[in-house]
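Okay, structure first, notes after.
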Ligand SMILES: Nc1ncnc2c1ncn2[C@@H]1O[C@H](COP(=O)(O)OP(=O)(O)O)[C@@H](O)[C@H]1O
Ligand SMILES: [Mg+2]
């Protein structure tokens, strides 16, 4: 496909998506009345409190994907010179900024990353996810981001908005805008979480989103570099990524040479759940039902809202020893922004096909 064709097609889809968005109703109006209420739920606090009192499991039980931990040599060098040290939650109290919830992290406890977060194991049974810096032009910032921008008070607490006002007081305009963008991003992460949780409550793991301060050590001193970032803490999962159940993967690369440079290759999987020992039929049936529910939700989101839930094989984990499907990455993209223009008209179908193959490998029926 010629580059100009791709451009024209994407442009047409953006125009269409704009019309569709004006008609959106089930996400923003009815199903999710108050985002602020749903993220301050008691059960999240209770579960996380309990996790805080439990020591983290050993590293070989955690779903570490060594490919996701690989970095370029420039990155590795940077991490050696300025190693991460710890993070705090930052909020607004007593008329000023207030740091609490000390969380020690290091390069050794780095579990992995996707496109948007660095994930570290904490010493207790939780992980911390520190957002990577992105620009407002990032594909993540689509129509849902615009919802947050329009009504930030639905997604951020009063205290968070007060924190922004306090921190931004002495800043120049561009700095101020970038800080506000980070707060909107925090709201966006919550929004994604609530959408998935409302629809698949039992598959979602408890997650708390907050504004945090990440510290790196400065070489030859006891000082630190600090950076404000949206963060979240989550229960630590023990288990395997869906792709680890896969036997062999055939590499599929986009045909367009230019796109090959930007888009990572995808893999076609053949699954074999048998490689993890004998699993009871009842357990397999339950995983199958959960996966089918996930597929139905993904299809509905794509069809009714033109939104794509990012359910590729690195974002799905089967826990061990329980063998349960769990969702821990809730990113949702506008269809026209998720598509790389690779001739794939329904990107959600690609993900669903892989999951269907996985279900087939159970040998039920
Ligand atoms: N709760 C968790 N427990 C254990 N490992 C996790 C957890 N959440 C994420 N990870 C690991 O970190 C990787 C990246 O996390 P993810 O939330 O998908 O980040 P991103 O939004 O950047 O894709 C995952 O593929 C997984 O290997
Ligand atoms: Mg991910």
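The values are calculated or read from the model by the stated rules, or taken from the named source; none is laboratory data. Just so we're clear, the structure is a prediction, and the values are computed from it rather than from any experiment. A quick note on method: Cβ atoms are made from the backbone with ideal geometry, for glycine too, and the neighbour counts reach across all protein chains shown.
Does segment 48-68 hold any residues that are without any contact (Cβ under 8 Å) to a residue 24 or more places away in the chain and either in a helix (DSSP H, G or I) or surrounded by 17 or more Cβ atoms within 10 Å (Cβ to Cβ) (or both), and which are they?
49, 50, 60, 66, 67
Residue 316 - would you say it is under 17 Å from residue 359 (Cα atoms), surrounded by 20 or more Cβ atoms within 10 Å (Cβ to Cβ) and more than 16 Å from ligand 1 (Cβ to nearest atom)?
No; evaluated as a whole, the condition is false for this residue.
For segment 331-343, check the following and say yes or no: at least one residue is in a strand (DSSP E or B), touching a strand residue (DSSP E or B) at 6+ places or on another chain (Cβ under 6 Å) and crowded, with 17+ Cβ neighbours inside 10 Å.
yes
Looking only at segment 277-309, count every residue that is over 19 Å from residue 354 (Cα atoms), in contact with a helix residue (DSSP H, G or I) (Cβ under 8 Å, 6 or more places away or on another chain) and assigned to a helix (DSSP H, G or I) and tell me the total.
The total comes to 2.
Consider residue 139 against the criteria (1) within 24 Å of residue 309 (Cβ to Cβ); (2) crowded, with 18+ Cβ neighbours inside 10 Å: it satisfies all of them except one. Which criterion is unmet?
So residue 139 meets the others, but not (2).
What strands (runs of 3 or more DSSP E) lie completely within segment 77-187 and have 3 or more residues being within 16 Å of ligand 1 (Cβ to nearest atom) and within 30 Å of residue 56 (Cα to Cα)?
Counting at least 3 such residues, we get 110-113, 117-121, 126-131.
Determine which member of the set 89, 154 is closer than 30 Å to residue 53 by Cβ and more than 16 Å from ligand 2 (Cβ to nearest atom).
That would be 89, the only listed residue that is closer than 30 Å to residue 53 by Cβ and more than 16 Å from ligand 2 (Cβ to nearest atom).
Take residue 243 and tell me if it is surrounded by 14 or more Cβ atoms within 10 Å (Cβ to Cβ), modelled with pLDDT under 90 and assigned to a helix (DSSP H, G or I).
For residue 243, the condition - surrounded by 14 or more Cβ atoms within 10 Å (Cβ to Cβ), modelled with pLDDT under 90 and assigned to a helix (DSSP H, G or I) - is met.
Based on this model, can you work out whether residue 156 counts as buried (at least 18 other Cβ atoms within 10 Å of the Cβ), over 22 Å from residue 336 (Cβ atoms) and over 17 Å from the mean Cα position of the chain (by Cα)?
Yes.
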